[in-house]
Structure formats: C-alpha cells, structure tokens
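Following: one structure in structure tokens, then a few remarks.
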Amino acid sequence: MAESRNWFLEELERRGVSRRDFLGFCGVMTSVLALPKSVGAQIAEAIENKEKPTLVWLEFQDCAGNSESFLRAGRPNVADIILDVLSVDYHETIMAAAGHQAEEALAKVVEEKAGAYIVVVEGSIPTGANGVYCTIGGKAAIDIAREVCGGAAATIAIGTCAAFGGLPAAAPNPTGALSVADAVPGLKNLINLPACPANVENLVGLVVYYLTFNRFPALDKYRRPLFAYGKSIHDNCERRAHFDAGQYVEDWGDEGHRIGYCLYKKGCKGPVTFQNCPNIGWNENTNWPIGCGHPCIGCAEPDFWDKMTPFYSHLPSFPGFGLHSNVDKVGILATAGVAAAFAAHGFVQLGKRYMHGKQVEAAVEPAAAEPSKQSAPEEKGDQS
Amino acid sequence: MTHVVVDPVTRIEGHLRIEAEVDGGAVQDAWSSSTMFRGIEIILKGRDPRDAWAFTQRICGVCTTVHAIASIRAVENAIGAEPPPNARLLRNLIMASQMVQDHVVHFYHLHALDWVDIVSALSADPGATASLAQSISDWPLSSERYFAGVAERVKGFVERGQLGPFGNAYWGHPAYRLPPEANLMAVAHYLEALDWQREFIKIHAYLGGKNPHLQSFLVGGQATPLDLNQQASINITTIAAMQQLIAKAKNFVEKVYIPDLLAVASFYKDWAGYGSGVGNYLVYGEFPDGDGPDAPLFLPSGVIRNQDLSTVEPFDPDKVTEYVTHSWYDYDAGNDQGLHPFDGETNPNYTGPQPPYDRLDTDGAYSWLKSPRYDGLAMEVGPLSRMLVAYASGHERVQELVGFALGQLGVGPEALFSTLGRVAARGIETLVLAEKLDGWLSELADNMGRGDLAICDNSKWDPSTWPKECTGAGFHEAPRGALGHWVHIKDGEIARYQCVVPSTWNAGPRDAMGQPGPYEAALIGNPVENPEQPLEILRTVHSFDPCMACGVHVLDPRGRELVKVRVQ
C-alpha cells in the first residue's frame with residue numbers, strides 16, 4: 001500500500017496540485033455526498049491509499065452524452081485525478097485501440113479481473129429481433145452486457161437510457177429497448193445514475209463514496225443514490241419563493257421571465273423530479289436549466305419521455321393554487337397538492353400515453369387533486 | 001487478398017464497422033456499416049411538435065445542439081413562426097461554439113492518436129521539445145520544465161503497466177512518423193485540450209443551462225431571457241464571462257490547435273494523396289447574418305461536382321433522395337428507387353447475419369444507414385465541403401486561411417481533396433468561427449443596450465394558431481456537415497418526421513447504381529502496411545469525424561408495426 005500512496009502523491013505533485021487543494025476537494029465531496037465535513041479527512045485518507053481499480057465503460061443504444069458529461073469533470077481540477085485513479089481500460093469514445101485489439105482489452109479485464117472491476121453502462125439494451133439493433137464486433141449488446149456486467153464487482157447504469165430504458169424505450173419502443181436492470185436481471189450491486197445526461201459530479205461522488213467506504217451509498221426505490229436523488233428539484237429550487245408567492249412566467253421573455261419567476265405554468269416538472277441540479281449545478285456550477293429560463297423536463301425520472309410530455313403542459317392544478325389565491329396559503333396547499341398527485345400515480349401523467357403505437361388517453365389530472373374551476377390558473381396550458 | 005474487419009471503430013460517436021479487402025498493401029474495396037438502430041422518428045409520431053427538439057437532440061450527445069436546431073427550424077418553417085433577431089444571435093453563438101469545441105475535441109481526442117505515438121513521446125528530449133514548440137507558437141506553456149513534467153506523467157502511466165484508455169493500441173506502428181519531440185508536444189496538448197474543452201463549453205451553460213444537452217431551445221426562439229440588469233437573465237456579468245471564454249478559445253485555436261495541425265501535417269504530406277472520396281461536395285450553408293428567409297449566410301450554401309472549384313451550383317432541396325438497396329430496410333415499390341424525405345418510407349428488414357457474426361453480406365444489405373444522394377450522386381458533407389464552397393464562392397477570410405495553410409505545407413490546392421485536406425479544413429473552419437463569435441456576442445449586447453429584449457415569437461406558441469396541416473424543413477450545418485429535418489404536422493401533432501444526417505451522407509452504403517458512399521470511396525487505394533493493425537484505415541475514416549448515432553434513422557409514414565424483422 002505504501003507504494004500506491006507514494007504514487008498518488010507524486011501524481012498530485014506532477015499536476016501541480018497541492019495537498020491543501022486536495023483536502024479542499026475532499027471537503028467539497030463531502031458536500032456533494034451530503035456527509036458531515038469531518039468525513040473529508042477520511043475520504044482523503046481512503047483515496048490516497050487505494051489501488052487503482054479497473055473500470056470499463058460500455059455503450060449500447062446511446063448518444064455518448066454521458067461520455068461527454070464524463071469529460072466535463074473538473075470541479076475542482078483535482079476531480080479528474082480521481083477519475084484517473086480508476087484505470088479506464090475500455091471506453092469506445094476515447095480509447096486508442098480499435099477493432100479486435102479493443103475487444104481484447106475488454107476480454108482481458110473480464111477474465112483477469114473477474115469480480116473485481118466496475119462496469120459503467122451507457123445506453124439502453126435492445127432485445128427485439130434477436131439483438132440485431134445493436135451489435136459491437138458482431139456481438140449483440142445483450143450478450144456483451146450479460147457477460148461483462150455479470151462478472152463485475154458493481155454495475156453503474158449511467159444516464160436515463162441505461163437506468164430506465166430512456167429514449168429508445170419511449171413508446172412505442174420500436175426495438176424492445178430495456179434498462180440494464182431489466183435486460184440483465186439479478187445483477188448484484190447495480191446502481192442507477194439517471195438524468196439525460198447524468199451529472200458527472202454525481203458519478204465522481206459515487207466513485208469517491210465507494211473508494212472511501214468500500215461499499216455503495218444508500219439508494220432509493222429506483223436504485224438511485226439518495227445523496228444525489230433524495231430531494232425534488234422543486235424543494236431546492238432558487239425560484240421556489242416565486243412559486244409560493246404565485247408569481248409565474250406567462251410568456252417567453254416577459255418581465256417575470258427576466259426577473260426569474262417560477263416556470264410552473266410553462267410546464268416545469270421540478271415538483272415531481274428528484275435530482276440535485278439546483279444544489280450542484282452543471283459545468284462546474286456555471287448554470288442549470290431552470291437557471292437559464294427553461295422548465296425542468298424531468299429527465300432523471302423513469303419513462304419521462306412518455307410521462308412528462310408534452311413538456312410545456314403544466315402539472316395538474318390543485319386546490320388553493322393559482323394567481324387569485326391567498327398568498328399565505330398557496331405554498332402549503334400547493335406542496336400538499338403535488339405530493340398527493342405524486343403519491344396517487346407515482347407519476348403525473350400528462351396528455352397522451354403511447355402504447356404499442358396506439359394512442360391511449362390517460363388521466364390528465366389525478367382525481368385526488370381535482371381543481372375547482374375558480375382556483376385553477378387561468379391558463380391551462382395546451383393539454384389536449 | 002486479406003479481409004480486414006474493424007469493429008468497433010473507436011474514438012467516434014456511436015457504432016461503426018468497416019470491412020475492407022486489402023491486397024498489395026492497399027485497400028481494394030471497402031464497406032461501411034452502422035450497427036445500431038433506435039427508431040427515434042417513430043417515437044416522435046403523434047407528439048407535440050414543440051417537444052421534438054428535445055427528442056431529436058438525444059440522437060447525439062457529442063454534437064449536442066445540432067438536432068435541436070434543425071428541429072426547431074423545421075417546426076418554425078411549418079407553422080410560420082419567426083424568431084426575433086436576438087434568437088438568431090443566441091443560436092449563432094450556440095452553433096458556432098459547438099463547432100469550435102467539437103472540432104478541437106475531434107483533432108486532439110478522437111483523431112490525434114492516429115498520427116501521434118504516445119509511447120514514442122517517452123524518448124523525447126524535453127529541451128528539444130520546448131525549442132520545437134517555441135519555434136511554431138508563442139503559447140506560454142512551452143518550457144523545458146513543462147514538457148519534462150508531461151513526459152514524467154506519461155512515463156508513470158507506462159511504467160505502471162496500467163495504460164487505461166491508451167492500452168493495446170498500435171504504438172510503434174511504422175506508419176507513425178513524428179519525431180519523439182513532436183509526439184511529446186502533441187501529447188501535452190492532448191491533455192491541455194481536455195481542460196480547455198471543459199472550460200470553453202461553459203459558454204453553453206450560460207446559453208443553454210448545461211452541456212451536454214442544452215435546454216434553452218424553443219419553437220419560435222430561445223428560452224434565455226435577456227436583461228442587462230437582472231440576475232436571472234443573460235446580463236452584463238454573463239456577457240463579460242462569455243467574452244472572456246471566446247477570447248481564450250480564439251487564443252487556444254490560434255496558438256495551439258493551428259500550429260499543431262500544421263506541424264503534424266508537415267510530416268504526413270503524402271496523406272494529401274489518399275482519401276479523396278467521391279469528389280462531390282454539398283453544403284446547406286449556416287450562420288444567418290441577418291433576419292428573414294433570404295438573410296445572407298456567413299458560410300454559404302452550394303454544391304461542387306467532380307472537384308471542380310470553378311463552379312458552385314445553388315443547393316436545391318428537391319434533389320435530395322435516399323436509397324435502401326444495401327440497407328436493412330424495404331421500399332414498397334422496390335428497393336432500386338430513391339425517395340425524397342417528404343415521401344420517405346422505412347420498413348426495417350434485417351437480412352444480415354445473426355449475431356455473433358464474423359462477416360457481413362456486402363453483396364446484399366449491410367447497414368442501418370440509408371444512402372442519401374443529391375441529383376443521384378453521392379456527396380461528401382462536412383468542414384471540407386464547407387471550406388471548399390466558401391473558398392470557391394469568394395469568402396475572403398477562408399481564401400486567405402486556405403492559402404496560408406497550403407503555403408505553409410508547400411502543397412497545391414489539389415491537396416485539399418484528401419484525408420489531410422479534411423483535417424486541415426476542419427482547423428481552418430475552427431479559426432474562422434472562433435474569430436467570428438465575438439461579433440455576434442457584441443451584436444447581442446448592442447441590442448440589449450437599445451432595449452430590444454425579445455427572445456421568442458410568442459404569437460405562434462399556442463397550437464391553436466397553427467394551420468390544421470402543414471409541412472416544414474429545417475436545414476443546419478452541423479460540425480460533421482449538412483443536416484436536414486423534415487416535419488409534417490397535422491392537428492397540432494407530428495404526423496411524420498424525417499432526418500437526413502451528415503453521417504448518413506458520409507457513411508452510407510452503396511446505392512442502387514452501386515456507387516459507394518464517401519467513406520467507402522475514400523478508403524479505396526488507402527495504404528495498409530499491416531492488415532492486423534489497420535491504422536491507416538482509421539486515419540481516413542476518422543478524418544470524416546464519424547457520428548453514427550446521428551446517421552441511423554427511420555420513418556414509418558403509414559404507422560406500420562415495426563417488429564417484423566426477418567433474420568436470415
């Protein structure tokens with residue numbers, strides 16, 4: 001172990017990273033992971049002492065958006081060292097080797113590091129037509145996934161496609177696309193990091209957690225780490241006060257939009273979406289979608305392409321909500337209404353559902369949260 | 001005759017397979033196959049056209065803006081929405097910064113390792129490397145000590161035997177020709193460019209909330225409010241921040257990317273004689289420098305045939321057709337005809353080998369890509385096409401930079417029609433756009449200063465204001481070339497949707513006449529010293545910057561079931 005400690009500290013020095021910067025990074029990671037600050041020192045200790053674990057990154061029905069997100073890691077700069085602490089032995093988007101030499105690199109990990117490597121999966125896995133909708137090196141994605149995930153210490157399904165099926169699985173799911181969990185049932189240590197794409201800081205957080213405590217963090221019912229997906233966007237939104245005060249964007253570019261009013265009436269899905277975007281932001285906390293004036297589209301939730309669309313239709317109304325309501329009551333009742341709607345359906349289904357190519361009218365507004373005409377917002381969106 | 005298969009082709013977006021016949025040290029014939037299919041256009045059917053941009057955006061996370069742009073343009077064209085001048089400027093900034101970032105990433109992270117041998121860099125002398133770097137650029141990070149540090153870092157990698165993503169590659173291949181010092185310089189800049197791209201793309205966080213998958217597009221405009229005095233808007237602080245990002249980007253392109261490109265190219269001039277491809281070039285044109293349908297485009301549209309730079313034909317959208325003769329789809333009236341995107345049909349019919357397989361049946365259908373043709377001809381699209389059309393149309397800055405690059409390398413204009421020409425054109429385009437960004441940002445700031453804060457044509461937001469039935473087309477120049485979306489809207493819903501994508505133009509298979517696609521044509525005659533290590537094939541394929549997830553699409557205008565796939 002002494003050898004790897006030396007190597008790591010040398011690596012830091014080579015990159016001009018002082019020990020102080022490194023400890024500062026560990027402090028930031030405790031925030032991302034929602035751990036007490038005192039754990040920072042423990043994280044530092046653990047990372048310094050770790051051997052370099054092997055990671056392979058598989059891409060199936062993907063757009064490489066999560067790979068690109070991975071390349072944006074950088075807050076603070078030492079974060080890419082943390083990713084370097086992993087030996088990334090297979091990642092088609094960045095690896096130098098190609099063709100059978102690339103396949104050999106993967107086979108070597110599966111064989112020599114059996115039960116000890118981490119696999120990241122990006123993209124859904126098509127199961128229709130014997131797997132011909134995605135082949136790599138002539139092999140079906142499903143067969144590759146079974147073999148590589150089956151032999152891994154842990155599988156991280158990154159992005160909503162790998163975690164929940166995502167866009168390829170949106171109705172009518174032309175290729176029989178499945179999430180990793182559904183395509184390869186029974187995997188041990190499967191963790192979902194959804195969002196479209198996933199925020200790299202949550203991947204870094206997950207890896208740091210694993211290196212520090214030698215186990216994975218607490219998960220919710222969708223196998224998402226609570227540290228990143230434990231609270232709704234709405235609960236932490238910087239525009240929440242405007243929601244509570246009944247101040248909404250009515251038209252794109254109007255005064256309310258410029259001031260930063262709530263985007264609820266423009267279709268924001270923040271109330272039913274669980275992720276830490278408002279806390280950690282994107283691109284090293286430069287901004288986030290609501291910060292740039294566009295509603296949340298709910299991208300970290302299962303089936304969001306079907307259940308959160310039409311994106312610009314607002315969530316169902318609820319008693320006490322709306323511009324004419326008593327401002328003091330709105331916040332409490334509105335929150336209760338959203339909670340009730342969420343509890344009633346798991347998700348609030350908007351507009352039309354698409355089932356096997358047929359359009360099926362679905363419940364637009366949960367019965368539990370039926371609005372009275374008087375208290376509903378004047379503009380009801382474009383639900384058809 | 002040796003049959004060479006490269007699958008997966010790595011350092012690209014998506015899943016690409018190349019098969020080639022190699023004899024006498026050169027490629028005799030080649031086939032390009034896309035091996036992944038999602039069916040996004042089918043998924044779009046029946047949905048709200050204002051949502052389509054988010055769906056199509058997910059076609060690709062590398063060129064993460066391009067399908068969103070083409071989609072909102074197609075829907076705006078259909079319903080008659082007119083984005084205000086500020087939306088045009090915001091989009092120009094988004095599109096051009098995408099292109100600049102994407103091209104730099106392509107050069108260093110996707111393409112460089114075809115020319116640069118990392119292991120050779122270990123034997124470089126840091127002092128000589130510093131002299132080399134200082135001789136071609138006054139970039140400040142060019143000291144002996146700096147390069148010694150980089151060499152140490154690379155040495156650490158190699159000595160630990162954990163090469164990670166650099167493992168099992170073709171290091172030491174005789175086709176690598178750079179001296180160790182040039183290799184070390186390039187490796188240092190590979191690492192710098194990783195930091196640079198992460199920093200520069202923050203401009204997309206200001207303009208789109210995040211990258212990848214910006215979230216500020218709207219049918220009719222953009223969602224980023226503008227107000228110099230508001231925290232929740234693009235304001236004076238964010239404009240200053242973007243100005244700084246643009247200035248740094250231009251500096252990096254001028255002082256690192258272009259000098260590296262010319263330095264590397266000077267050792268590989270013979271690659272100006274390989275990879276010419278189909279010799280026809282198609283450009284839709286991009287970056288409106290004014291408003292309305294007839295606004296001038298900063299990079300002009302046009303068509304060049306047979307490498308003839310004396311004539312640029314106007315682009316006619318009616319001449320675009322797609323063939324499926326060698327694709328895994330069927331046409332009702334037979335697979336030998338071409339169909340225009342508005343009449344397009346796609347009935348998937350997989351007739352390839354059942355996985356796991358060793359070889360495709362290249363006499364039959366062998367790809368999930370169709371074969372787009374213009375006036376019946378295969379066309380190359382992308383940076384080379386754009387620079388050729390701009391050059392031939394009299395674009396002064398492009399002419400100046402093309403002349404400069406050719407002069408530096410001591411080659412004539414015919415060198416442009418090649419693998420090396422493609423690499424050079426991408427660099428020239430990056431510089432032209434890096435220089436242009438600041439002007440668009442200033443124009444935006446001027447508008448805001450005058451009190452013009454409009455960002456969206458709200459008059460067409462409500463679907464009740466749309467015609468009952470309408471069609472529209474949206475054209476865009478993506479980093480990888482000409483992109484078109486065609487949409488048919490009925491009763492406020494998408495009735496059909498079709499994308500014809502740059503990598504479909506470039507990577508598509510043969511058509512009914514047997515004409516190869518641009519990748520296939522470019523590979524013929526390509527040298528292959530060792531069929532076990534077909535490094536040279538990667539050079540030419542990567543020079544196109546493949547983006548395979550973009551290329552595969554499907555339309556089913558008659559609502560057919562899509563699961564009748566036959567496996568033979």
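Name the one entry in B:Cys499, B:Cys470 that is in contact with a helix residue (DSSP H, G or I) (Cβ under 6 Å, 6 or more places away or on another chain) and under 19 Å from B:Gly344 (Cβ atoms).
Only one candidate passes the filter, namely B:Cys470.
Within the group A:Ala218, A:Ala114, A:Ala171, A:Ala107, which residue is farther than 24 Å from A:Glu68 by Cα, within 23 Å of the chain's Cα centre (by Cα), of a type in the set (A, V, I, L, M) and surrounded by fewer than 21 Cβ atoms within 10 Å (Cβ to Cβ)?
Within the list A:Ala218, A:Ala114, A:Ala171, A:Ala107, the selection yields A:Ala218.
Take the range A:121-132 and flag every residue that is in contact with a helix residue (DSSP H, G or I) (Cβ under 8 Å, 6 or more places away or on another chain) and of a type outside the set (D, E, K, R).
Those that are in contact with a helix residue (DSSP H, G or I) (Cβ under 8 Å, 6 or more places away or on another chain) and of a type outside the set (D, E, K, R): A:Val121, A:Gly123, A:Ser124, A:Ile125, A:Pro126, A:Thr127, A:Gly131.
So the check is Cβ under 9 Å with 6+ separation or different chains; which pairs have a first residue in the range B:156-176 that's at positive phi and a second one that's surrounded by fewer than 19 Cβ atoms within 10 Å (Cβ to Cβ) and modelled with pLDDT of 95 or more?
B:Asn168/A:Gln101; B:Asn168/A:Glu104; B:Asn168/A:Lys108
Checking the structure you have, find out if any residue of the range B:522-532 is over 19 Å from the mean Cα position of the chain (by Cα), part of a loop (DSSP other than H, G, I, E, B) and buried (at least 21 other Cβ atoms within 10 Å of the Cβ).
Yes, the range B:522-532 contains a residue that is over 19 Å from the mean Cα position of the chain (by Cα), part of a loop (DSSP other than H, G, I, E, B) and buried (at least 21 other Cβ atoms within 10 Å of the Cβ).
Give, as residue ranges, the helices (runs of 4 or more DSSP H) completely inside the range B:142-224 that count at least 2 residues that are away from chain A (no Cβ under 11 Å).
Result: B:144-160, B:180-200.
May I ask you to say which residue of B:Gly451, B:Gly484, B:Gly474 is touching a Lys or Arg at 6+ places or on another chain (Cβ under 7 Å) and either within 14 Å of another protein chain (Cβ to nearest Cβ) or not in a helix (DSSP H, G or I) (or both)?
B:Gly474 is the lone residue from the list that is touching a Lys or Arg at 6+ places or on another chain (Cβ under 7 Å) and either within 14 Å of another protein chain (Cβ to nearest Cβ) or not in a helix (DSSP H, G or I) (or both).
Return the residue satisfying two criteria in turn: it lies in the range B:296-310 and is open to solvent by 40 Å² or more (accessible area, probe 1.4 Å) and touching a strand residue (DSSP E or B) at 6+ places or on another chain (Cβ under 9 Å), and of such residues it is nearest to B:Phe417 (Cα to Cα).
Among residues in the range B:296-310 that are open to solvent by 40 Å² or more (accessible area, probe 1.4 Å) and touching a strand residue (DSSP E or B) at 6+ places or on another chain (Cβ under 9 Å), the one nearest to B:Phe417 (Cα to Cα) is B:Gln307.
Which pairs have Cβ atoms under 7 Å, sit 6 or more apart or on different chains, and link a residue in the range A:97-126 that is free of Cβ contacts under 8 Å to residues at least 40 places away in the same chain and within 8 Å of another protein chain (Cβ to nearest Cβ) to one that is open to solvent by 30 Å² or more (accessible area, probe 1.4 Å) and part of a helix (DSSP H, G or I)?
As it stands, the answer is none, since no pair meets every condition given.
Please go through the range B:2-15 and pick out each residue that is within 10 Å of another protein chain (Cβ to nearest Cβ), more than 30 Å from A:His294 (Cα to Cα) and touching a residue at least 60 places away in the same chain (Cβ under 8 Å).
Result: B:Val4, B:Val5, B:Val6, B:Val9, B:Arg11, B:Ile12, B:His15.
I'm trying to understand the selection: among the residues of the range B:491-501, which are open to solvent by 10 Å² or more (accessible area, probe 1.4 Å) and in contact with a strand residue (DSSP E or B) (Cβ under 7 Å, 6 or more places away or on another chain)?
B:Ala495, B:Arg496 - these are the residues of the range B:491-501 that are open to solvent by 10 Å² or more (accessible area, probe 1.4 Å) and in contact with a strand residue (DSSP E or B) (Cβ under 7 Å, 6 or more places away or on another chain).
Go through the range B:364-394 and give me each residue that's out of contact with any helix residue (DSSP H, G or I) (no Cβ under 8 Å at 6 or more places or on another chain) and either open to solvent by 10 Å² or more (accessible area, probe 1.4 Å) or of a type in the set (A, V, I, L, M) (or both).
B:Gly364, B:Ala365, B:Gly376, B:Leu377, B:Val389, B:Ala392, B:Ser393, B:Gly394
Filter the range A:146-164 down to the residues that are aliphatic (A, V, I, L, M) and surrounded by fewer than 24 Cβ atoms within 10 Å (Cβ to Cβ), then identify the one that is nearest to the other protein chains (Cβ to nearest Cβ).
A:Val148
I'd like to verify a number: residues in the range A:64-94 that are part of a loop (DSSP other than H, G, I, E, B), at pLDDT below 90 and over 17 Å from A:Ile118 (Cβ atoms), how many?
So the count comes out to 6.
One line per residue, one yes/no per condition, for (1) more than 13 Å from chain B (Cβ to nearest Cβ); (2) under 25 Å from the mean Cα position of the chain (by Cα); (3) part of a helix (DSSP H, G or I):
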site: A:Glu250; (1), (2), (3): no, no, no
site: A:Arg258; (1), (2), (3): no, no, yes
site: A:Pro278; (1), (2), (3): no, yes, yes
site: A:His294; (1), (2), (3): no, yes, no
site: A:Trp305; (1), (2), (3): no, yes, yes
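Counting only residues that are closer than 23 Å to B:Val5 by Cβ and open to solvent by 10 Å² or more (accessible area, probe 1.4 Å), how many does the range B:328-360 have?
Number satisfying all stated conditions: 9.
Taking B:Arg397 as meeting all but one of (1) in contact with a helix residue (DSSP H, G or I) (Cβ under 6 Å, 6 or more places away or on another chain); (2) farther than 20 Å from B:Asn92 by Cα; (3) assigned to a helix (DSSP H, G or I), write down the number of the exception.
(2)
Taking the criterion of being within 11 Å of another protein chain (Cβ to nearest Cβ) and surrounded by fewer than 23 Cβ atoms within 10 Å (Cβ to Cβ), would at least one residue in the range B:84-94 satisfy it?
Yes: one or more hits.
Rundown of residues vs (1) open to solvent by 10 Å² or more (accessible area, probe 1.4 Å); (2) facing chain A (nearest Cβ under 7 Å); (3) at pLDDT 95 or above, yes/no style:
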{"residue": "B:Val22", "(1), (2), (3)": "no, no, yes"}
{"residue": "B:Val27", "(1), (2), (3)": "no, no, yes"}
{"residue": "B:Ala30", "(1), (2), (3)": "no, no, yes"}
{"residue": "B:Thr35", "(1), (2), (3)": "no, yes, no"}
{"residue": "B:Gly39", "(1), (2), (3)": "no, yes, no"}
{"residue": "B:Arg50", "(1), (2), (3)": "no, yes, yes"}
{"residue": "B:Gln57", "(1), (2), (3)": "no, no, yes"}
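List the pairs whose first member sits in the range B:362-379 and is more than 27 Å from B:Phe315 (Cβ to Cβ), whose second member is among the β-branched types (Val, Ile, Thr) and surrounded by fewer than 24 Cβ atoms within 10 Å (Cβ to Cβ), and whose Cβ atoms are under 7 Å apart, counting only residues at least 6 apart or on separate chains?
Going by the 7 Å Cβ cut-off, the qualifying pairs are B:Gly364/B:Thr351; B:Ala365/B:Thr351.
Within the range A:127-145, take every residue that is in contact (Cβ under 8 Å) with a residue 12 or more places away in the chain and more than 19 Å from A:Glu92 (Cβ to Cβ) and give me the one that is farthest from the other protein chains (Cβ to nearest Cβ).
Result: A:Thr127.
If only one of B:Asn251, B:Asn235, B:Asn229 is in contact with a strand residue (DSSP E or B) (Cβ under 9 Å, 6 or more places away or on another chain) and either surrounded by fewer than 24 Cβ atoms within 10 Å (Cβ to Cβ) or touching a residue at least 24 places away in the same chain (Cβ under 8 Å) (or both), which one is it?
Exactly one of B:Asn251, B:Asn235, B:Asn229 is in contact with a strand residue (DSSP E or B) (Cβ under 9 Å, 6 or more places away or on another chain) and either surrounded by fewer than 24 Cβ atoms within 10 Å (Cβ to Cβ) or touching a residue at least 24 places away in the same chain (Cβ under 8 Å) (or both), namely B:Asn235.
Residue check: is A:Gly186 open to solvent by 50 Å² or more (accessible area, probe 1.4 Å) and on the phi > 0 side of the Ramachandran plot?
Taking the combined requirement at face value, the residue satisfies it.
Could you please let me know if B:Ala445 is under 30 Å from B:Ala20 (Cβ atoms), touching a residue at least 40 places away in the same chain (Cβ under 8 Å) and not in a strand (DSSP E or B)?
no
The values are calculated or read from the model by the stated rules, or taken from the named source; none is laboratory data. All values derive from a computational prediction rather than experimental measurement. Cβ sites come from the backbone with ideal geometry, for glycine too, and all protein chains shown count toward neighbours. For accessibility, only protein heavy atoms count, side chains too; no ligands or nucleic acids. Shrake-Rupley method; radii C 1.70, N 1.55, O 1.52, S 1.80 Å.
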